[in-house]
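Please read the structure below before turning to the comments.
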């Protein structure tokens, strides 16, 4: 399997800066509703990338990150609307809660892999959903929690957009550094073969535990941002569907590419908006995307792109 | 009738439905290691097809047979057309079935709409069965009986037929069976069809007292997962015990800890997956 | 009926529509009036949602889809009986489709989510069906107006009175869906019932979209109350009534229902299981009032079925909106004037056969029927009035300001008076 590096450093930095510049222009070029769509893309891209940290780099596909994401959203909204606290403390608490959940999930899940890991995280996500759904006195049950939690100075759409852009860029950078650090390389080794790494003397469970917790941290951050964006949370936010959509974003973009999360989120959210304009059949389109991607392009858009680039490079080199 | 007996009956009859659906799931999971996340969608489709047949023909038996055949056919197509592209990669198979579930669900929505439908049962099965002061729905008692018959039928199949022997051998060690020269692929196809048919039958049976509605598929899928994980991969008695456990937990959970109702079912499932993934009765491959 | 039908029929107007947002609002008066209709086309109350769209369209179709010289353009979005989806769709309608007003939603939690959203941008939101009490009591929002609707706790109180005085029930068990509308309906019933001297033995709350009621039915049977008050909507109502009969409780323990339990959208697919259930509502499709009979006949002709509360309410809502629009000569862009006109509407042609107007707090006052489900000779089931309780407001016999000092109904506060 090719290493997750297909371009030279200056080229990559150049592309990153170009993307940032493009994104910075958004509120001036496509204002109003479309800007809020891009905000959504950025938030969910963070969620997708957090899933990719685990799936792409450690080889563990999870179905509970939507729940971790939503836990942060709930905590932020609860802290501000019910407990009357400050939004920033709310964010701190939200991210802490999400990370704590990730720690608990990690302790249970690191002994498993493959399909069992998938099912276990599914069950854990269901437990979270069940709690949000039935524990009406705290979570509001079916009614959810609602109220504007974003601080007033951040509320204007353009200001909020840049806030999210800056935070997301920072998160992306941090995640990228994490994935390409020596720790991240060890994770990739674990993805290839648990037993080999163990034989080489690496503490595999510890590495997986840290990876899970870190990915939970980023998912929680995305969830806190979502609270600011949506001003509303309900059991749907922690439902299995949320984790599934996040996973699909990773897959469409390319598992193991990290930036695939950005691409996947953009594609899925854009498609959803376009398709929903003309028809109610978005779930069918989503399902077909899953099927087609699994059969024809399991490495996703970026993955395919990188493979093609690598092929061309090899051909030129020889 | 004492409340505990009443609730126990509720739990047992719900378990009866779970068993029918979960047995199909565990056959597929046990033999082919495929977590068929479209199993719930097959249940719902089967229910809708049975609904149409029952209302047109007036025969519940015909509805059951029709649904079984139709869903077995969908199972056949799923396996031979879709799953073969991703054979060998378990994770991709799982995610593909997830996509299929989304598609089937939406298709059902387009065809039958958002209302909740009840499959018509014969007059003889409607209303309560009275014995002294006790009154319990006739249909649910019938479901219990039916489920026991399904269990016996499957057990006989596994024990005394060639296909059953191959399935059992394959659950234990599919590679070995293949190495012995037996065309394991045919066994896979028949098993997938049988599993799907069971889901379809479950849909008709469930549709008669729980109604059919757009999210019924994920409801039943999630319970089936819990049953199969708790009872053990590929084990028929395990599935029966798992169904009873989950059925009882679901019922008594609603009564005793309504706020923790889901935790009571998924907590054990999560713990088992973490510490004993083979479940109570599964055996190592 | 789906949204795309309206898109195609108003395609010419859409072209003009694209230009409209660029023009200053005053001169946009000649374009179509764009209405965003939110309804649950999927989910637990899909049956009601479908009828919301039908009832709404029936009125506009009867009036040529034109008001004060402007075309009426309706975009329908499915809120999936889910507040998150409702919020997303509301945003889409307002920000992407530039509708001038929102109307609809069925479940209280979806309505509350959308109401919170329009609080921040002032878009008019009309709620003929969302019955959340506080939207016309403690948490009123200026641009959220309950036209032709009712508040949740308004309707069960006359029924509680009837149950205590006419039927002599004393021990009550309630079973309800676990969300705002359920809390308020049960709260209204329990408060009146206990203030008269009755007692509440136990209350059950089940999640929306409960398929299996057996655990609750077992407990109800063992508690053996005088009466069960059931607050269910949509598919849950359907299943509850069927299972109640299948478990042999029908005929053994009397059941009173919220109006949604015995609504046409529920009983028209049921058989003898639903006969005899008593509920209370402002709308009774079996009523003898000439205006009601006319409306029922027209509805039956258009859709081949008897109208439900949802169809009726949206029809009346459309009638109300039309009256408001006519009063401002179609100038809906002038929001303060338009909202004011809406508040002042007196619906003289209501299918109820009596004029309907809003009280001081924005909720209509009605004559409430105590009604019962009966089978017609042609086999269809419908609700027939037993008694009428006149002039019931959302505050019943309480003084509004004093009443609003008590907490909103919730799981923990049901207005139960300890005896």
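Can you find a residue in segment C:172-184 that is within 30 Å of residue A:235 (Cα to Cα), more than 18 Å from the chain's Cα centre (by Cα) and within 13 Å of chain B (Cβ to nearest Cβ)? Explain how you work it out, then say what you get.
Within segment C:172-184, the subset within 30 Å of residue A:235 (Cα to Cα) is C:173-184.
When the remaining residues are screened for being more than 18 Å from the chain's Cα centre (by Cα), the result is C:173-175.
This time we only want the ones that are within 13 Å of chain B (Cβ to nearest Cβ), so: C:175.
Within segment C:172-184 (the criterion being within 30 Å of residue A:235 (Cα to Cα), more than 18 Å from the chain's Cα centre (by Cα) and within 13 Å of chain B (Cβ to nearest Cβ)), the answer is yes, since at least one residue qualifies.
The rows are residues; the columns are (1) over 30 Å from residue C:290 (Cα atoms); (2) modelled with pLDDT of 90 or more.
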{"residue": "C:316", "(1), (2)": "no, yes"}
{"residue": "C:337", "(1), (2)": "yes, yes"}
{"residue": "C:354", "(1), (2)": "no, no"}
{"residue": "C:365", "(1), (2)": "no, yes"}
{"residue": "C:368", "(1), (2)": "no, yes"}
{"residue": "C:381", "(1), (2)": "no, yes"}
{"residue": "C:385", "(1), (2)": "no, yes"}
{"residue": "C:400", "(1), (2)": "yes, yes"}
{"residue": "C:403", "(1), (2)": "yes, yes"}
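If a residue must be out of contact with any strand residue (DSSP E or B) (no Cβ under 8 Å at 6 or more places or on another chain) and farther than 27 Å from residue C:170 by Cα, how many such residues does segment C:239-268 contain?
Here the count works out to 2.
Taking the stated definitions as given, is residue C:380 in contact (Cβ under 8 Å) with a residue 40 or more places away in the chain, surrounded by fewer than 17 Cβ atoms within 10 Å (Cβ to Cβ) and in contact with a strand residue (DSSP E or B) (Cβ under 7 Å, 6 or more places away or on another chain)? Don't jump to the end; show me each part of the working.
Numbers: in contact (Cβ under 8 Å) with a residue 40 or more places away in the chain: yes; surrounded by fewer than 17 Cβ atoms within 10 Å (Cβ to Cβ): yes; in contact with a strand residue (DSSP E or B) (Cβ under 7 Å, 6 or more places away or on another chain): no.
Criteria not met by residue C:380.
With respect to the numbered conditions (1) more than 8 Å from chain B (Cβ to nearest Cβ); (2) more than 24 Å from residue B:126 (Cβ to Cβ), which one is the sole condition not fulfilled by residue C:232?
Looking at each condition in turn, residue C:232 falls short on (2).
Scan (1) more than 14 Å from chain B (Cβ to nearest Cβ); (2) touching a strand residue (DSSP E or B) at 6+ places or on another chain (Cβ under 6 Å); (3) at pLDDT 90 or above for the single condition residue C:83 breaks and write down its number.
Every condition holds for residue C:83 apart from (2).
Being in contact with a strand residue (DSSP E or B) (Cβ under 9 Å, 6 or more places away or on another chain) and part of a helix (DSSP H, G or I) is the filter here, so list the residues in segment C:187-202 that pass it. Break it down stepwise before answering.
Start the filter on segment C:187-202 by keeping residues that are in contact with a strand residue (DSSP E or B) (Cβ under 9 Å, 6 or more places away or on another chain), which leaves C:189-190, C:193-194, C:198-202.
Within segment C:187-202, C:189, C:190, C:193, C:194 meet the criteria.
So, residue A:293, is that one more than 11 Å from chain B (Cβ to nearest Cβ) and closer than 19 Å to residue A:51 by Cα or not? Explain how you work it out, then say what you get.
Values: more than 11 Å from chain B (Cβ to nearest Cβ): no; closer than 19 Å to residue A:51 by Cα: yes.
Answer is no for this residue.
Given (1) more than 26 Å from residue C:186 (Cα to Cα); (2) within 14 Å of chain B (Cβ to nearest Cβ), where does residue C:48 come up short, assuming only one miss?
Here residue C:48 clears every test but (1).
Rundown of residues vs (1) without any contact (Cβ under 8 Å) to a residue 40 or more places away in the chain; (2) surrounded by fewer than 24 Cβ atoms within 10 Å (Cβ to Cβ); (3) assigned to a loop (DSSP other than H, G, I, E, B), yes/no style:
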residue	(1), (2), (3)
C:138	no, yes, yes
C:141	yes, yes, yes
C:164	yes, yes, no
C:167	no, yes, yes
C:174	no, no, no
C:182	no, no, no
C:185	no, no, no
C:204	yes, yes, no
C:215	yes, no, no
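Give the residue that is farthest from residue A:84 (Cα to Cα), with candidates limited to residues of segment A:141-173 that are in a loop (DSSP other than H, G, I, E, B) and in contact (Cβ under 8 Å) with a residue 12 or more places away in the chain.
In this case the residue turns out to be A:144.
Scan segment A:116-158 for residues that are at the interface with chain B (Cβ under 9 Å from one of its Cβ atoms) and touching a strand residue (DSSP E or B) at 6+ places or on another chain (Cβ under 9 Å) and jot them down.
A:136
In segment A:203-226, is there at least one residue being within 29 Å of residue C:86 (Cβ to Cβ) and within 13 Å of chain C (Cβ to nearest Cβ)?
Yes - at least one qualifying residue is present in segment A:203-226.
Select from segment B:78-102 the residues that are within 19 Å of the chain's Cα centre (by Cα) and more than 10 Å from chain A (Cβ to nearest Cβ) and list them in ascending order.
Once the filter is applied, which keeps residues that are within 19 Å of the chain's Cα centre (by Cα) and more than 10 Å from chain A (Cβ to nearest Cβ), segment B:78-102 yields B:78, B:79.
Among A:174, A:187, which is the only one that is more than 16 Å from the chain's Cα centre (by Cα) and more than 13 Å from every other protein chain (Cβ to nearest Cβ)?
Numbers: A:174 fails: more than 16 Å from the chain's Cα centre (by Cα).
That would be A:187, the only listed residue that is more than 16 Å from the chain's Cα centre (by Cα) and more than 13 Å from every other protein chain (Cβ to nearest Cβ).
Filter segment B:131-149 for residues that are free of Cβ contacts under 8 Å to residues at least 60 places away in the same chain and more than 11 Å from residue C:247 (Cβ to Cβ) and give the result.
Applying the first criterion (free of Cβ contacts under 8 Å to residues at least 60 places away in the same chain) to segment B:131-149 yields B:131-132, B:138, B:142, B:145, B:149.
Of everything in segment B:131-149, those that are free of Cβ contacts under 8 Å to residues at least 60 places away in the same chain and more than 11 Å from residue C:247 (Cβ to Cβ) turn out to be B:131, B:132, B:142, B:145, B:149.
Please state which one of C:14, C:19, C:118 is in a helix (DSSP H, G or I) and at pLDDT 85 or above.
Working: C:14 fails: at pLDDT 85 or above; C:19 fails: at pLDDT 85 or above.
Answer to the selection: C:118.
Give the residue, chosen from C:285, C:273, that is more than 11 Å from chain B (Cβ to nearest Cβ), buried (at least 19 other Cβ atoms within 10 Å of the Cβ) and in contact with a helix residue (DSSP H, G or I) (Cβ under 6 Å, 6 or more places away or on another chain). Steps first, please.
Values: C:273 fails: more than 11 Å from chain B (Cβ to nearest Cβ).
So the residue among C:285, C:273 that is more than 11 Å from chain B (Cβ to nearest Cβ), buried (at least 19 other Cβ atoms within 10 Å of the Cβ) and in contact with a helix residue (DSSP H, G or I) (Cβ under 6 Å, 6 or more places away or on another chain) is C:285.
Filter segment A:254-287 for residues that are more than 11 Å from every other protein chain (Cβ to nearest Cβ) and part of a loop (DSSP other than H, G, I, E, B) and give the result.
Passing the criteria: A:254, A:256, A:257, A:258, A:259.
Could you figure out which of (1) away from every other protein chain (no Cβ under 11 Å); (2) at negative phi isn't true of residue C:168?
If we test residue C:168 against (1) away from every other protein chain (no Cβ under 11 Å); (2) at negative phi, just (2) comes out false.
Out of all the residues in segment A:99-115, which are more than 7 Å from chain B (Cβ to nearest Cβ) and at pLDDT below 90?
Within segment A:99-115, A:110, A:113 qualify.
Are any of the residues in segment C:81-91 in contact (Cβ under 8 Å) with a residue 60 or more places away in the chain, buried (at least 21 other Cβ atoms within 10 Å of the Cβ) and not assigned by TED's automatic domain parsing to the domain that holds residue C:208?
So far as segment C:81-91 goes, yes, one or more of its residues are in contact (Cβ under 8 Å) with a residue 60 or more places away in the chain, buried (at least 21 other Cβ atoms within 10 Å of the Cβ) and not assigned by TED's automatic domain parsing to the domain that holds residue C:208.
Just checking: which of the helices (runs of 4 or more DSSP H) contained wholly in segment B:196-285 hold 3 or more residues that are more than 8 Å from every other protein chain (Cβ to nearest Cβ) and under 27 Å from residue C:203 (Cβ atoms)? Full working, then the answer.
Numbers: elements: B:216-231, B:236-256, B:261-275.
Ranges flagged: B:236-256.
The values are calculated or read from the model by the stated rules, or taken from the named source; none is laboratory data. Model, not experiment: these values are computed from the prediction. Note that each Cβ is placed from the backbone with ideal geometry, even for glycine, and that neighbours are counted across all protein chains shown.
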